[in-house]
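This report refers to the structure that appears directly beneath it.
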Amino acid sequence: MQKGIQIAKTRFVPIVDETPPPSPAIRGRGASWSPANRFEKLHVDLGDSDVVQIGQDDVKRPRRATQYFHDGTKTIISRNNSPDVGFETSVNPYRGCEHGCIYCYARPTHEYLGFSAGLDFESKIMVKMDAPELLKVELESPLWKPQVLVMSGVTDPYQPVERKLRITRGCLEVLARFRNPVAIITKNGLVTRDLDLLHELATYNAAAVNISVTSLDSKLQRVLEPRTSLPEARLDAISQLRAAGIPTGVMVAPIIPGLTDHEVPRILEACAKAGAQFAGYTIVRLPWAVAPLFEHWLEERFPDRKEKILGRIRDLRGNGRLNNSQWRTRMTGEGIFAEQIASLFEIGCRRVGIAERPTLSTAAFRPTREQLTLL
């Protein structure tokens, strides 16, 4: 890009000028409504009482059941060229995530499927049943250059349905067969189910797990990340992973200024005591429809702190908005509050002896099918 030329920033403008319905929060869900999909002009929120037409004010809205859909994707390895995510390739066995974290930056990806970033993201889950076989085919390809694959990125590989479908485990079985290194990011203690495979990979310096901890306050966790593992379960997962010899760290992510930032030192201390060896953090990101969803959530759950939290986020983003997608600052923010959080995190890590993230190795990679060579 030539010096002096600036690229205009795209600002989120809702395709439908709408106000969140005056309905109560839904137990077990992060979002309580479905904002319009930014790609579609016609929008009807099926959770709106005017649409449901219950007919009685005292009748509660029906609970939103989770639906699962077959995802017929033909490839499983995703690639990115972002300089600030720390990896180039990833595997996501699912699209959408039942964990329902209200702040999830991946919510807008559901709009590409014709769904909403709100309730649809956490209740309409696309399932890649063929993921293990697709992964095997891609790793067997002579075009594959062995490198670390990250399991996560836009969905949690250990969300609730994984307990039954075992797609993530199937992918780990393939990775273990190839000895291809993998790094996992999850909020779910279910990761300990796969200690055997992770231990096998770890013997070749080819596995690491990052347990994401946003808060140690279980009351906050239940409304912020309603279907994730409790904080105690995540600390226990760290202990089990370390006992199995698997490199394990913590992602203090996302840090929400005015709501969870004060917990950073305690989170690091608790995770280090459980056995965490390394740590990372990100600042909350609110792209596209995530911003109005998060604002409405604050109004429902923490109306007294809403303006303070939103004001801090705007300061961190440096543009007076709730989101800034600019590379190199979108994960950490900018300005005095960003500097304070960075310092708090750095000092916290140093105080409890948390070191840098380890470098995984591709040295043990082995193709499972002999490649033909021309003589």
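Here the stretch 159-268 was treated as a single set of alpha-carbon atoms; its pair distances binned every 5 Å from 0 give 2, 12, 22, 22, 18, 12, 8, 4, 1, 0 percent. Over the chain, consider all pairs of different Cα atoms and compute the Kirkwood hydrodynamic radius from their mean reciprocal separation; express it in Å, one decimal. Result for the chain stands at 21.8 Å. Ellipticity at 222 nm from helices only: DSSP H runs of n ≥ 4 in the chain, each -39500 (n - 2.57), divided by the residue count, give -9000 deg cm²/dmol. Along the axis of the charge dipole computed for the chain (Cβ charges of +1 for Lys and Arg, -1 for Asp and Glu, origin at the Cα centre), the listed residues Ile283, Phe121, Ser34 are led at the positive end by Ile283. Using the Cβ-Cβ distance between Trp327 and Arg357 with R0 set to 25 Å, the FRET efficiency from 1/(1 + (r/R0)^6) comes to roughly 0.80. Given Leu310, Ile211, Leu165, which one lies farthest toward the positive end of the charge dipole of the chain, if we put +1 on the Cβ of every Lys and Arg and -1 on the Cβ of every Asp and Glu? Of the candidates, Ile211 comes out farthest on the positive side.
A simple spin-label model places the labels of Thr75 and Ala244 3.1 nm from each other, with each point 7 Å out along Cα-to-Cβ. Compared with the dominant principal axis of the Cα atoms in the chain, helix 264-274 is inclined by about 40°. Taking label positions 7 Å along the Cα-Cβ direction at both Glu269 and Lys219, the computed distance is 2.0 nm, reported to one decimal. For Lys74, go through the aspartates and glutamates and keep the ones whose alpha-carbon is under 13 Å away, minus same-chain ones fewer than eight residues off. Here the aspartates and glutamates satisfying the reach criterion relative to Lys74 are Asp130, Glu133, Glu138. The slack between Leu230 and Ser82, meaning 0.36 nm per residue of separation minus the straight C-alpha distance, is 50.1 nm. Size descriptor for the stretch 251-290, Kirkwood hydrodynamic radius: 11.1 Å (Cα pairs only, one decimal). Computed extension length for Glu339-Phe302: 10.8 nm, one decimal, from 0.36 nm per residue of separation with the Cα-Cα distance subtracted. A 1.4 Å probe run over the protein chains yields, for the chain, 50 Å² of accessible area per residue, whole-number rounding. Rounded to the nearest 0.05, what FRET efficiency is calculated for Lys164 and Asp315 with R0 set to 45 Å and r the Cβ-Cβ distance? That pair, Lys164 with Asp315, gives E of 0.55. With the largest listed first and rounded to whole Å, the semi-axes of the equivalent ellipsoid of the stretch 231-336 from the Cα gyration tensor are 30, 16, 12.
Tally up the carbon and sulfur contribution to the accessible surface of the chain as a whole percent, 1.4 Å probe, everything protein left in place.
52
Helix 336-352 axis versus longest C-alpha principal axis of the chain: approximately 40°, rounded to the nearest ten. Is the shape of the stretch 142-211 rounded, prolate or oblate, going by the alpha carbon gyration tensor and its root eigenvalues a ≥ b ≥ c, with a/c under 1.5 for rounded and a/b larger than b/c for prolate? Judged from the Cα gyration tensor, the stretch 142-211 comes out prolate (a/c at least 1.5, a/b above b/c). Calculated on C-alpha atoms, the gyration radius of the stretch 177-238 divided by its Kirkwood radius gives an Rg/Rh of 1.07. The overall shape of the stretch 81-161, judged from the alpha-carbon gyration tensor, is prolate: a/c is not under 1.5, and a/b is greater than b/c. Grab the stretch 81-232 and count how many Lys pairs have their alpha-carbon atoms under 30 Å apart, sequence gap of 8 or more, or different chains. Final tally of qualifying lysine pairs is 15.
The values are calculated or read from the model by the stated rules, or taken from the named source; none is laboratory data. Remember, predicted model here, so these are calculated numbers, not experimental data. Backbone-built Cβ (ideal geometry, glycine too); neighbour counts: all protein chains shown. Calculation scope for accessible area: heavy atoms of the full protein, side chains included, ligands and nucleic acids excluded. Shrake-Rupley method; radii C 1.70, N 1.55, O 1.52, S 1.80 Å.
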